[in-house]
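Colleague: Dropping the structure in here first, questions after.
The values are calculated or read from the model by the stated rules, or taken from the named source; none is laboratory data. Remember, it's a predicted structure, so these values are computed and weren't measured experimentally. Cβ placement follows ideal geometry from the backbone for every residue including glycine, while neighbour counts extend to all protein chains displayed.
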Amino acid sequence: MPLDKIFLFISLLMGLLTNSSPIEEVSTGNPFSGNEVQEQLLILHPAEGLVYLDEIPFSGTGVEHYADGKVFEKIGYLKGKKRGLHQKWFESGALAFEAQYFENKLHGKSSSWWSNGKIRSESNFDFGKSHGLQTEWYNSGVKFKESNLNQGLEEGMQRAWRENGKIYINYEAKNGRIFGLKRSNLCFELEDETVIRDEKISS
């Protein structure tokens, strides 16, 4: 097992063993009501980057709901920091986004889906930085883009296709240089943690 994975496993285990707060699920309100959430219990302290419950760094799961009460989002926390599973759902109940956090940083695989259930993106992170293969698809299921990144920087083959299958980006990034065909008119850009309505994408 790679050393970084061993370190992550040990850190997770030690964090759980040493956490004195009970693990619980707390509703953080309804972000879709159009009104300020009066019942919100979890409070973010931006200067510290920590989420608090009753003046104590929160350990557990924060939950937000749609106006009809259906779950919109769940985020795991340990001692005030995002830790573990983070998920979002469409109002239909279909899963829209899933990722893992460690110490407030994305780590491991992150995935998102279109509301029709088809995969939208698969990304890989290394302690907060995009690392490895990143893939995106059109809502039809046709592959849109493949990127290879090394600690947030392009390294290796980068490709993108129109929905008809025609390739329009095809180049290799190596040592900060680009070899091949690069065009800038990308069809769309995906934000990792935003559940976006399906829209027609031009090709």
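Colleague: Collect the residues in the stretch 60-89 that are more than 16 Å from the chain's Cα centre (by Cα) and touching a residue at least 60 places away in the same chain (Cβ under 8 Å), keeping them in residue-number order.
Modeller: Matches in the stretch 60-89: Leu78, Lys79.
Colleague: Scan the stretch 106-124 residue by residue and report those that are within 14 Å of Trp137 (Cβ to Cβ) and either free of Cβ contacts under 8 Å to residues at least 24 places away in the same chain or not hydroxyl-bearing (Ser, Thr, Tyr) (or both).
Modeller: Ser111, Trp113, Trp114, Asn116, Gly117, Lys118, Ile119, Arg120, Glu122
Colleague: So is Ile75 over 29 Å from Asn164 (Cα atoms), in contact with a Phe, Trp or Tyr (Cβ under 9 Å, 6 or more places away or on another chain), among the β-branched types (Val, Ile, Thr) and modelled with pLDDT of 95 or more or not?
Modeller: Yes: the conditions hold for Ile75.
Colleague: Only one of these is at pLDDT 95 or above and either more than 27 Å from Lys82 (Cα to Cα) or small (Gly, Ala, Ser) (or both): Trp113, Trp137. Name it. Talk me through it step by step, then tell me what you get.
Modeller: Numbers: Trp113 fails: either more than 27 Å from Lys82 (Cα to Cα) or small (Gly, Ala, Ser) (or both).
Going through Trp113, Trp137 in turn, just one is at pLDDT 95 or above and either more than 27 Å from Lys82 (Cα to Cα) or small (Gly, Ala, Ser) (or both): Trp137.
Colleague: Could I ask something else about it? Are any of the residues in the stretch 44-67 at pLDDT below 90, assigned to a strand (DSSP E or B) and farther than 24 Å from Ser111 by Cα?
Modeller: Checked against the condition, which is being at pLDDT below 90, assigned to a strand (DSSP E or B) and farther than 24 Å from Ser111 by Cα, the stretch 44-67 yields no hits at all.
Colleague: Given the criteria over 30 Å from Lys74 (Cβ atoms), of a type in the set (A, V, I, L, M, F, W, C) and at pLDDT below 95, does Leu186 qualify?
Modeller: In short, yes.
Colleague: Is there a residue in the stretch 145-152 that is closer than 23 Å to Phe125 by Cα and in a loop (DSSP other than H, G, I, E, B)?
Modeller: Yes, the conditions are met somewhere in the stretch 145-152.
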